[in-house]
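Colleague: Let me give you the structure first, and then I'll get to my questions.
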Amino acid sequence: MSQDGPLRTIGLDAFDAALTAVVITHGPEHRIAYTNPSHRNMFGDRPLGTPVREAFPDLARTAYFDTLDRVLATGRAEVLTAAPAALTGSGTEKRPSYAGCSVSRLTSADGTPGILGVWLEMTEQMTEAERIRIVAEERRRALLRYAGLVTAAGSQVIWVMAPRGGVVERSPGWEQMTGQRWEEYRGDGWAEVIHPDDREPVLRDWYRALAEVPPRFTVSYRVRTVDGSFRRVSVEAAPVIDGDEVLEWVGTCRDVEQEWQETRREELLARASAASAGIMRLEEMLLALTRVIVPAVADSCTVYLLPQALPHPGGTRSAERVAATTRPDLPELPPHREEHLSPGSPLARAVEQRAPVHAVFPPGSPPPQLAPSGEEPWLAAGANSVILLPVVVEGTVAALVTASVSGNRPPLGRPESELLRLVLKQAHAPLRSALEYQRTKQVALALQRSLLTDPPDLPDLELAVRYRPSNAAAEVGGDWYDSFSPTDGTLVLTVGDVTGHDLPAAVNMSQLRNMLRGLALDRRESTGDVLRRLDLSVQTLYLECTATCILGRVEREATGLFTFHYSVAGHPPPLLVGADGTARFLTEAQDPLLGLVPDPHYVSAAETLPTGSTLLLYTDGLVERRDEDIDVSLERLRRHAIDAARLPLDDFCDALLATVPAADGDDDVAVVALRTPAPCERPATTERVQPPHGPRARPT
């Protein structure tokens, strides 16, 4: 068909019924000569005779006008595909739209050249295609941004999973970290390298995220690396969403083992510091530390104390287990047990070399040479590794810590050994203080026991003594007793208590006891005069020392009865228990304690001891109770003494000691009990030993 043939033979009204939009222009300015109803419906009314550039300003940014010029000049038809157009539809409302246009040249009946444009709306097709293109571009840019962020953060692993889970793309970083091949980790195979203890909770949380689709998913777990060890990784993932549809999940894995170890170390050190703060009793503090270590570091932890003593006979060392903590689901280890560390054994080697010993073995099968002697278990059930760590305090191995893990838990290694060392180092100061108290206790008890001699063997009197140290490992007292028989045939009895609960108190106690013995033997004088000389010596030699004391002398009278001469310096009064079931305190000689009054004077009193009676001297640890008046305490002692009066003398003393509750046993207790013969046991009359001076009158 020729370019201008149609319009010469066909009228323009032939286009009125066309479903496509038709426009005809005349001349180089492309003035509008005709538009059909479909065109007017698509673009609205455009004035006839108006150049298309003025009639269609919304097409100025397209190639439409250039196409018209080119077709008019060359006569070659062209097609515009999906050009943006401001279509109105019915009415004048404008909407974003796209249309395709075919452009060809024609000649009008008067010979004027023009253009025939046929438009077809393509908005629906182009909207869908554009949307897909935009989503794809956004996804491409998002992935590029994500990859850039991952690279900036230093992550080595990027992975992509399907909307419902399962790895769908290769991850070189994952292969490098874990050693898994693509065939092994695709789908859900990646979960095989998660630590067995972490696998179930990680998968549970991951599949919950797949169902709930949070904007961001994070988790941390241990993964088996290419060398077979486990390292902790941090995972971050996000869904790629199109509308309401999850297209895929993109995530990263970052090695955070070092960060996790540092955080773990800081947390454990803080817990160890808090656990040991304010605890003075050694065993309580060590038990608190084992509870910090289990289960954070180990499944079982025990602590052995090594005695600070002379070399062990035969080279064998002994250690006392004083603390033990085991994971709740494992059998407990007894907290107290004595171990013998044979020469050359790993435990002895750790002590001698002051260096950790580390062993790894099949679960439940520790090497026989590793265990101490005996059949009792010393590691948790199913243990697969153990660390023996000596605790050195001021150059001395004071304790030995054992830590083990069991079952499939990764064996203990150098990081755990270092962590244990840091935890114990964090507690070094309180541990040193507690061990120092322990040493002080041992020294003081040894000093006390070396001075608390057995009572003399008397043919006509029964005499029993008891000494019980404080229950508090951090406290040693200054209680003492003494009994001896001078050459004059009398019996001297003393009990006393130096103020303080430490090693200096025990030392002062020993010095005062020996001084009192020397003064009592130096000359014959009243008990009050002896105490006066002792008090003056105390105030001269021990300026900061105060003490309580009872000094008594038992003499036999011509009648065969015994008389108790005594003086009291600030001490609880003696108790006389009769064979007839009565008991009373001897209160006729009460004076201030030693070291208090600049010019001291002490009253001497005398009391005849009935036949079969029991005389009791004691320190305040036997009677004093927390938050109780001393008069109530003394009355309780008097009643107990009456109840026990008919017991043998040793049983009598034990019965009174048994009345002291364990909770109130924070003070030492010293007891001296004297019993005179019963009436049928009265010895023959002998010459009475008379002191050179009678009782001294109380000064006014």
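Colleague: Condition test on L543, is it assigned by TED's automatic domain parsing to the domain that holds A506, farther than 27 Å from T611 by Cβ, surrounded by fewer than 16 Cβ atoms within 10 Å (Cβ to Cβ) and touching a residue at least 12 places away in the same chain (Cβ under 8 Å)?
Modeller: Here the answer is no, as L543 does not meet what is asked.
Colleague: Say we look at region 193-217 and pick out the residues that are within 31 Å of the chain's Cα centre (by Cα) and of a type in the set (D, E); which of these is farthest from P163 (Cα to Cα)?
Modeller: D197
Colleague: Considering region 603-620 alone, what residues qualify as being of a type outside the set (S, T, Y) and surrounded by fewer than 23 Cβ atoms within 10 Å (Cβ to Cβ)?
Modeller: Matches in region 603-620: V603, A605, A606, E607, L609, P610, G612, D620.
Colleague: Evaluate the following for Q258: is it surrounded by 14 or more Cβ atoms within 10 Å (Cβ to Cβ) and either of a type in the set (S, T, N, Q) or part of a loop (DSSP other than H, G, I, E, B) (or both)?
Modeller: In short, no.
Colleague: Looking at region 477-524, which of the residues that are of a type in the set (S, T, N, Q) and closer than 15 Å to G552 by Cβ is modelled with the highest pLDDT?
Modeller: The extreme case among them is T494.
Colleague: Moving on to the next point. Looking for whichever is surrounded by fewer than 16 Cβ atoms within 10 Å (Cβ to Cβ) and over 30 Å from G166 (Cα atoms) here; the options are G243, G344. Which one fits?
Modeller: Of the residues listed, the single one that is surrounded by fewer than 16 Cβ atoms within 10 Å (Cβ to Cβ) and over 30 Å from G166 (Cα atoms) is G344.
Colleague: Same structure, new question: Any chance region 267-287 includes a residue that's at pLDDT 85 or above, of a type in the set (S, T, Y) and buried (at least 18 other Cβ atoms within 10 Å of the Cβ)?
Modeller: There is no residue in region 267-287 that is at pLDDT 85 or above, of a type in the set (S, T, Y) and buried (at least 18 other Cβ atoms within 10 Å of the Cβ).
Colleague: What tally of residues in region 561-595 results from selecting those that are small (G, A, S) and over 29 Å from D643 (Cβ atoms)?
Modeller: Residues flagged as small (G, A, S) and over 29 Å from D643 (Cβ atoms) within region 561-595 amount to 3.
Colleague: A further question on this structure: Kindly list, by first and then second residue, each pair from a residue in region 15-26 that is closer than 9 Å to S38 by Cβ to a residue that is in a strand (DSSP E or B) and aromatic (F, W, Y), limited to pairs with Cβ atoms under 9 Å and residues at least 6 apart or on different chains.
Modeller: Listed pairs, sorted by first residue: F15/Y34; T20/W119; A21/W119; V22/Y34; V22/W119.
Colleague: Pick from P335, P368, P363: which is surrounded by fewer than 11 Cβ atoms within 10 Å (Cβ to Cβ) and either in contact (Cβ under 8 Å) with a residue 40 or more places away in the chain or at negative phi (or both)?
Modeller: Criteria check complete, one pass: P368.
Colleague: I'd like to verify a number: residues in region 56-70 that are charged (D, E, K, R) and surrounded by fewer than 12 Cβ atoms within 10 Å (Cβ to Cβ), how many?
Modeller: The number of residues fulfilling the criteria is 2.
Colleague: Determine whether region 560-573 contains at least one residue that is farther than 27 Å from P679 by Cα and of a type in the set (A, V, I, L, M).
Modeller: Within region 560-573, one or more residues are farther than 27 Å from P679 by Cα and of a type in the set (A, V, I, L, M).
Colleague: If you go through region 78-92 one residue at a time, do you hit one that is at pLDDT 75 or above and surrounded by fewer than 18 Cβ atoms within 10 Å (Cβ to Cβ)?
Modeller: Step one: list which residues in region 78-92 are at pLDDT 75 or above, which gives 78-80.
Subsequent filtering for residues that are surrounded by fewer than 18 Cβ atoms within 10 Å (Cβ to Cβ) retains 78-79.
So far as region 78-92 goes, yes, one or more of its residues are at pLDDT 75 or above and surrounded by fewer than 18 Cβ atoms within 10 Å (Cβ to Cβ).
Colleague: So, one more: With the requirement that a residue be at pLDDT below 70 and assigned to a strand (DSSP E or B), what does region 93-108 give you?
Modeller: Across region 93-108, the qualifying residues are R95, P96.
Colleague: Out of (1) farther than 30 Å from A429 by Cα; (2) among the basic types (K, R); (3) in contact (Cβ under 8 Å) with a residue 60 or more places away in the chain, what's the single condition that is false for R264?
Modeller: (1)
Colleague: Kindly establish whether A474 is of a type in the set (A, V, I, L, M, F, W, C), part of a helix (DSSP H, G or I), modelled with pLDDT under 80 and in the same structural domain as A673 (by TED's automatic domain parsing).
Modeller: no
Colleague: Can you say whether A18 is at pLDDT 85 or above and over 60 Å from the mean Cα position of the chain (by Cα), as far as the supplied structure shows?
Modeller: Spelling it out, it is not the case that A18 is at pLDDT 85 or above and over 60 Å from the mean Cα position of the chain (by Cα).
Colleague: Mind listing just one residue for me: the one in region 25-45 that is touching a helix residue (DSSP H, G or I) at 6+ places or on another chain (Cβ under 7 Å) and surrounded by 16 or more Cβ atoms within 10 Å (Cβ to Cβ) and, of those, nearest to E121 (Cα to Cα)? Show your work before the answer.
Modeller: Step one: of region 25-45, the residues touching a helix residue (DSSP H, G or I) at 6+ places or on another chain (Cβ under 7 Å) are 25, 28, 30, 32, 34, 36.
Subsequent filtering for residues that are surrounded by 16 or more Cβ atoms within 10 Å (Cβ to Cβ) retains 25, 30, 32, 34, 36.
Numbers: T25: 20, H30: 22, I32: 20, Y34: 19, N36: 15 Å.
Selected residue: N36.
Colleague: Follow-up. Looking at this structure, is R533 outside any loop (DSSP other than H, G, I, E, B), within 20 Å of R517 (Cα to Cα) and at pLDDT 90 or above?
Modeller: When the stated conditions are applied, R533 passes them.
Colleague: For region 392-414, name all the residues that are assigned to a strand (DSSP E or B) and either under 11 Å from R354 (Cα atoms) or in contact with a helix residue (DSSP H, G or I) (Cβ under 7 Å, 6 or more places away or on another chain) (or both).
Modeller: V392, V393, T396, V397, A398, A399, L400, V401, A403
Colleague: OK, next. Criterion first (surrounded by fewer than 18 Cβ atoms within 10 Å (Cβ to Cβ), closer than 22 Å to L609 by Cα and at pLDDT 90 or above) does T527 satisfy it?
Modeller: Criteria not met by T527.
The values are calculated or read from the model by the stated rules, or taken from the named source; none is laboratory data. All figures in this text were calculated on a predicted structure; none of them were measured in a lab. Cβ atoms come from the backbone with ideal geometry, glycine included; neighbour counts cover every protein chain shown.
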